[in-house]
Amino acid sequence: MGNSQFIPLGRLGRGKDTEENTEVNWQAAEGMPRVYLETYGCQMNVADSDMLTGVLSRAGYQKTDRADDADVILINTCAVREKAEERVFARARELGVHKKRRSGVILGIAGCMAEHLKAGLLDRAPYVDLIAGPDSYRHFPDLIARAHASRSASTDDGSADDGSAPAGPIIDVQLDRSETYEGLSGAEGGDGVSGFVTIQRGCDKFCTFCVVPFTRGREKGTPPREILRQVRAHADAGYREVVLLGQTVNSYRYEDVGFAQLLRAVARVDNISRIRFTSPYPVDFTSEVIATIADLDKVCNYVHLPVQSGSDRVLERMRRGYTAAEFRAIVAELRARIPDIAISTDILTGFCGETLDDHRETLNLMRELRFDSAFMFLYSERDLTYAGKKLADDVPLVDKKRRLQEIIALQESISAEVFAARVGKRERILIHGRSKRGKDQLVGRTDGFKSVIVPADCAEVGELLDVRIERATMATLFGTPAK
Ligand code: SF4
């Protein structure tokens, strides 16, 4: 996995908050209570939110995009950086206002931050009614019902209304090694065009900076028949693309089925035009997997390959399991077998003990490998991790920030050149939806995962369209239908 999995990617139904002061009538709402769900973090979280939306919809909940209209407000969270958690605390405080305005509203925090902080989360957010980790999504209807019952049994100040000990919030943070969410699917909750299928949960790599193995538990693969069932469910629901997800997706193994065999099986599913996957772990990129991507037309020519650092000393302290030379060799093999492949990466700067020379090695590697794009972060210490416990976070913040600025400036100049080189080329794009830039524009993605803006009247959402690229910025292409 890479850090890119932890940028805010999407929110389900974020709406405008209003000043109304009403009460939730659970009796009246029964049969169709409304749920508002915000998602922070990685694609895995977005996929989990899609699945949770399906679970709740089957249990009789209706999705709303207005928090002020919701009976249940849920935040699906990320714990990878302190900043991500701070954002959630701030947002929970804002959303908690709805509990004061309307009695009976349930506020829940789900996912990695719930798993990371557990009951400790209540120290800073005592108004939260439900805390549930990433192996609890299946049980949400029951957990919400219990949270509601618990609240009903308590007075507003948290004490039980019969004078006994307060019932308190509901907390379910037990990790379950067998939970791969068989039988569920995100097809109901997704965008109808590109759907996530989680093929692997948890991680066994224990990179020294990363909290994921602690918040999502040990690696577990979903059985291939279940993955294929979910891919078919997406195809039946009209999706054109599936994105296979895992913390180290190319390390996938279930009994004797590895990632290459899985890709071949998924490619045989009718009516799915494109297959993507994220994020691979560099050293598990075998020649067999690379050859399979090269062979299969449906598998997109795009790989997100998190390098983190260009310095062997830093990579060793991170316990990434490869040297910079080994990483270069993987990129070289990918580019040799798949000439037009797009490669993005993650870079984590200012890790424990990183010197100016280490930083320069990262810049050199970026200049040499010329990634199409990158997600770039400065290191922040996380408890539970090896680095948090054993390594000194000794790069001053001012240096971390300066190094990050240099890395961003370099990547921006490389991306601008990479994107400009697409101008004049023909690309096939999948139209994902309306552009945020305006109603008269649609946004699609190339095989190489570059966003392309096209006029709205030239295609429908979900359509594959051949376009000619007319111009480019460092992050976006602009096209018109190809003649
Ligand atoms: S520990 Fe696992 S999830 Fe975290 S960065 Fe390493 S490979 Fe990715």
Would the stretch 462-483 turn up any residue that is without any contact (Cβ under 8 Å) to a residue 40 or more places away in the chain and basic (Lys, Arg)? yes
Just to be sure before I move on: is Ala233 within 21 Å of Tyr137 (Cβ to Cβ) and surrounded by 15 or more Cβ atoms within 10 Å (Cβ to Cβ) in the structure I sent? yes
I'd like the residue in the stretch 187-204 that is within 16 Å of the ligand (Cβ to nearest atom) and not in a loop (DSSP other than H, G, I, E, B) and, out of all such residues, is farthest from Ser251 (Cα to Cα). Thr198
Identity of the residue in the stretch 335-355, out of contact with any Leu (no Cβ under 7 Å at 6 or more places or on another chain), crowded, with 19+ Cβ neighbours inside 10 Å and touching a residue at least 60 places away in the same chain (Cβ under 8 Å), that ends up farthest from Ala294 (Cα to Cα): Phe351
Search the stretch 185-207 for residues that are of a type in the set (A, V, I, L, M) and pair each with any residue that is within 16 Å of the ligand (Cβ to nearest atom) and in a strand (DSSP E or B) when their beta-carbon atoms are under 7 Å apart and the residues are at least 6 apart or on different chains. Val197/Leu244; Val197/Leu245; Ile199/Gly221; Ile199/Leu244; Ile199/Leu245
Please give the number of the condition Asp295 fails out of (1) assigned by TED's automatic domain parsing to the domain that holds Val257; (2) touching a residue at least 40 places away in the same chain (Cβ under 8 Å). (2)
Do we have any residue at all in the stretch 207-214 that's in contact with a His (Cβ under 7 Å, 6 or more places away or on another chain) and either outside any helix (DSSP H, G or I) or more than 11 Å from the ligand (Cβ to nearest atom) (or both)? yes
Tell me which residues, restricted to the stretch 77-88, are crowded, with 17+ Cβ neighbours inside 10 Å and out of contact with any Phe, Trp or Tyr (no Cβ under 9 Å at 6 or more places or on another chain). Glu85
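Residue-wise test of (1) aromatic (Phe, Trp, Tyr); (2) surrounded by fewer than 14 Cβ atoms within 10 Å (Cβ to Cβ); (3) at pLDDT below 95; (4) assigned to a helix (DSSP H, G or I).
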residue: Gly104; (1), (2), (3), (4): no, no, yes, no
residue: Ala110; (1), (2), (3), (4): no, no, no, no
residue: Phe140; (1), (2), (3), (4): yes, no, no, yes
residue: Asp157; (1), (2), (3), (4): no, yes, yes, no
Reported set for the stretch 374-403 where residues are part of a helix (DSSP H, G or I) and of a type in the set (A, V, I, L, M, F, W, C) is Ala387, Leu397, Val398
Can you name the residue in the stretch 236-255 that is within 16 Å of Ser194 (Cβ to Cβ) and more than 16 Å from the ligand (Cβ to nearest atom) and is also surrounded by the most Cβ atoms within 10 Å (Cβ to Cβ) among such residues? Val242
Positions within the stretch 359-385 being surrounded by fewer than 16 Cβ atoms within 10 Å (Cβ to Cβ) and over 20 Å from Gly41 (Cβ atoms), in sequence order: Arg360, Asn364, Arg367, Glu368, Arg370
Report the residue count in the stretch 328-356 for those that are within 14 Å of the ligand (Cβ to nearest atom) and part of a helix (DSSP H, G or I). 0
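So which of Glu406, Glu460, Glu427 ends up being assigned to a helix (DSSP H, G or I), modelled with pLDDT of 95 or more and of a type outside the set (A, V, I, L, M)?
From the options Glu406, Glu460, Glu427, the qualifying one is Glu406.
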Of the residues Arg276, Arg268, which is buried (at least 20 other Cβ atoms within 10 Å of the Cβ), among the basic types (Lys, Arg) and away from the ligand (no atom under 16 Å from the Cβ)? Arg276
When the stretch 436-453 is checked residue by residue, the ones that are at pLDDT below 95 and out of contact with any helix residue (DSSP H, G or I) (no Cβ under 8 Å at 6 or more places or on another chain) are Lys436, Arg437, Gly438
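The values are calculated or read from the model by the stated rules, or taken from the named source; none is laboratory data. Here the structure is a predicted model, which means the values were calculated and not measured. We place every Cβ from the backbone using ideal geometry, glycine too, and count neighbours over all the protein chains shown.
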